[in-house]
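Scroll down for the structure; my scribbles are underneath it.
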Amino acid sequence: MWFAIFIVTIVISIVGAVYLINAVSRFRAFTRFDRKWQQKLNATLVVILCFAGFAAFMGMVNAITILIYVIFFFLISGLIVRIVDKVHGTKSSSVSTGRSKVYLQGWLAIAVSIVYLSGAYYMCHNVWRTDYNLKTDKDIQDLHIALIADSHLGTTFDGEGFAAWLEEIEQASPDMLLIAGDFVDNDSVRADMVRACEALGTLDLRYGVFFVYGNHDKHTFGGRDFTAQDLEDELIKNNVQILEDEIVTIDNICIAGRKDYITEPRLDIDDLLQDVSDDKYIIVLDHEPTDYENESASASDLVVSGHTHGGQLLAIKYIGELTGVNDKTYGYERISDTDFIVTSGISDWALDFKTGTRSEYVMINVN
């Protein structure tokens with residue numbers, strides 16, 4: 001499905017680029033040329049140069065994202081101008097400033113694009129704390145859980161940046177840290193991975209750190225300078241408990257970690273929990289929020305996930321839910337006696353923008 005979305009995105013980008021070139025050619029810098037083909041040729045060169053610049057400094061995925069949003073805002077500003085024209089019976093695509101005319105649609109689109117994408121960049125590169133307060137009838141002490149996912153080391157912060165965010169999380173005094181996958185990806189580098197693992201090893205938590213793999217952690221398209229085994233070795237060296245269809249019981253709490261749904265065959269949730277007593281408070285780490293029906297029917301008390309990045313971009317925020325790929329995109333839901341939480345992630349994969357969501361770490365208080 002995501003491959004189909006990628007193809008559709010490329011097609012929309014190409015068609016939209018043609019529209020954008022026509023719109024950009026109406027700026028005064030291009031209308032000074034007498035011939036239409038000269039106006040369009042120069043506008044094309046400017047659009048291509050801008051796209052190439054963004055691709056060079058921010059990567060192809062970010063360049064395409066910027067292009068799509070700029071096209072969208074040109075369309076919206078053009079629609080606004082048309083509506084104003086109809087209401088007032090005037091032609092307001094340009095406004096006079098005395099000596100010259102200002103291309104209203106174009107400058108409005110550029111201004112909104114800058115403001116909107118700057119905000120999206122800020123929402124992605126900064127991290128907020130999100131709190132959830134849950135209740136249970138099971139016999140446990142009050143439990144304070146920190147949850148992160150989708151750090152994708154190297155996208156918005158390096159190993160040192162990750163260590164800095166861990167310091168803030170530790171100040172919240174959690175009893176445990178849950179890492180719900182996609183710690184690294186294909187663009188992560190060994191130095192950042194090692195530093196981030198070392199930072200995990202310095203945490204002083206009552207129950208420790210628990211980790212499940214995401215779809216990016218083990219499986220790459222090649223090119224990164226460390227292997228999945230290197231990652232595993234560094235995590236274990238720093239006292240991180242990796243759970244691959246495995247459970248750990250501490251006091252009256254059970255932490256169960258599932259293998260990644262996309263990349264590996266895995267146990268059914270009932271098989272994974274078959275030997276766990278129902279009087280335990282059962283926490284399930286599942287990178288992808290894709291098995292709510294079975295998990296809500298199981299003995300699970302709390303299921304935490306990542307993977308969706310909170311929808312990532314406003315235009316695709318609910319595609320996963322509408323198509324049935326994900327059971328939830330973001331936030332909290334209670335089904336039967338099971339609490340489900342999906343985090344938007346502490347960082348991002350490839351993209352430097354988040355719209356309609358923001359980067360976060362999660363604090364879950366169970367009373």
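See the values below:
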| item | result |
| --- | --- |
| Relative compactness, the range 219-322, computed as alpha-carbon Rg over 2.2 N^0.38 Å | 1.23 |
| Folded to 0 to 90 degrees: helix 228-237 orientation relative to the chain principal axis, Cα | 50 |
| Rule-of-thumb Rg ratio for the chain [Cα; 2.2 N^0.38 Å; N residues] | 1.18 |
| Segment R334-E160, extension gain: residue separation times 0.36 nm, minus the distance between their alpha carbons | 59.0 nm |
| Cβ-based charge dipole, the chain, positive-most Cα from I110, A199, N252 | I110 |
| Percent of C-alpha pairs per 5 Å bin, the range 105-215, short to long | 2, 10, 17, 20, 16, 11, 9, 7, 5, 3, 1, 1, 0 |
| The range 289-367 - convex hull of alpha carbons, volume per residue in Å³ | 88 |
| Rounded FRET efficiency, nearest 0.05, which uses the C-beta distance separating Y318 from N22 and R0 of 25 Å | 0.20 |
| Structure-based [θ]222 nm, the chain - -39500 (n - 2.57) summed over DSSP H runs of at least 4, per residue, nearest 500 | -13000 deg cm²/dmol |
| Sum of side-chain charges, M58 neighbourhood, beta-carbon under 15 Å (Lys, Arg +1; Asp, Glu -1) | -2 |
| From the C-alpha gyration tensor of the range 170-231, square roots of 5λ in Å | 25, 12, 8 |
| W349 accessible area, assembled protein chains, probe 1.4 Å, Å² | 100 |
| Cα-based Rg / Dmax (Å) for the range 209-252 | 12.5, 43 |
| Rounded percent of accessible protein surface that carbon and sulfur make up, the chain, 1.4 Å probe | 57 |
| Cα-projected label distance for S173 with V8, points at 7 Å along beta-carbon direction, nm | 4.9 |
| Cα centre as origin, Lys/Arg/Asp/Glu Cβ charges: the chain dipole, Debye | 4160 |
| Per-residue SASA entry for Y330, accessible area with 1.4 Å probe, Å² rounded to 10 | 80 |
| Mean shadow area of the range 1-84 over all directions, Cα convex hull, nm² | 6.6 |
| For the range 41-197: Kirkwood Rh in Å [reciprocal of mean 1/r, alpha carbons] | 20.1 |
| For the range 226-257 versus the range 26-41, the gap between their alpha-carbon centres in whole angstrom | 62 |
| Pairs from K237/K259; K40/K86; K328/K354 whose Cα-Cα separation, in the structure shown, is over 26 Å | K40/K86 |
| Label-point separation in nm, N186 to D139, each point 7 Å along Cα→Cβ | 5.2 |
| Solvent exposure of the chain as accessible area per residue, Å², 1.4 Å probe | 49 |
| Relative contact order for the range 93-204, counting Cα pairs under 8 Å that sit 6 or more residues apart, in percent | 25 |
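The values are calculated or read from the model by the stated rules, or taken from the named source; none is laboratory data. Predicted, not measured: the structure shown is a model, and the values here were computed from it. Virtual Cβ from ideal backbone geometry, glycine too; neighbours counted across all protein chains shown. All accessible areas refer to the heavy atoms of the entire protein, side chains included, with ligands and DNA or RNA removed. Shrake-Rupley method; radii C 1.70, N 1.55, O 1.52, S 1.80 Å.
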